[in-house]
Amino acid sequence: MWLRTSCYISFDVSVETPFILMLRPRSGLQQWIARESYTLKPDNIIAVEYTDHYGNLCQRLTAPAGEFSIRTSADVLTSDVIDVSPGAPFDEVQHLPTHVLTYLLPTRYCESDYFIDLGKEIVAGMRPGYDQVAAIERWIRENIRFNPDAPHFQLSAVEVNRQGEGVCRDLAHLGISLCRGLCIPARMVVGYLYDLKPMDFHAWFEAYVGGRWYTFDPTQQSPKGGRITVAYGRDAADVAIFNQFGPTLYPREMSVRVEKLATAPE
């Protein structure tokens, strides 16, 4: 399916402030970027792009005092379904690719060493691998409330499990932690999801089983495609769509849209 994404973010900047943005999707096995626009205001801002350790496209710039805004748009070919593979086997740690090993370790928001016992309880009787991750996804959906308006801020997996609710990012942290506690590599994904309600940037997680990554999303009732990935990382700290270095700034305005195109863009 062809999707058109658009994003607008604006800030009131009190003093000259360095930013790192992460707002550009890149083409890969799961998506093809056919057209893209990226506009900064004021238009004399010079951005330098680099690729981080996880393959994400990052834009580094310094915003002057005053109004600062970013507007992006992209036409993307992506699948309207996600791959599922019940029975895909567990990968022994000693046989994992080296680049996957980092997704086994505890991190700031994914304290996987606290979730070993709960994880074993959740997956009891399940075949090691994909079926265990599917059981974790189902357990989160049934036990942790997805609340897009949750008042909590940047919850870790321990905190969201205690609170019993959270936004998409929080539920992903819990899923990642439970997987890693079972020695299943898992990573955070941030991007767009077609027909998400309410529309916003979205977060889910991927688990590495059967020799590849599979998508899991506890906020959705069934496997759902129409996803566009912007960034991968160990947890939310790696995939923030913006980081600023100076006085704390919150967007004055932010809007996100995802539209389905009837035909391929010309």
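The table for this structure:
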| read-out | value |
| --- | --- |
| Selection count where residues are farther than 15 Å from ILE140 by Cα and crowded, with 21+ Cβ neighbours inside 10 Å, scope the stretch 215-227 | 1 |
| Wholly within the stretch 1-73, strands (runs of 3 or more DSSP E) carrying at least 2 residues that are free of Cβ contacts under 8 Å to residues at least 12 places away in the same chain | 48-51 |
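Bear in mind these aren't lab numbers, they're just calculated from the coordinates by the rules spelled out. All of these numbers come straight from a predicted model, not from anything done at the bench. Using ideal geometry, Cβ is built from the backbone for each residue, glycine included, and neighbour counts are taken over all protein chains shown.
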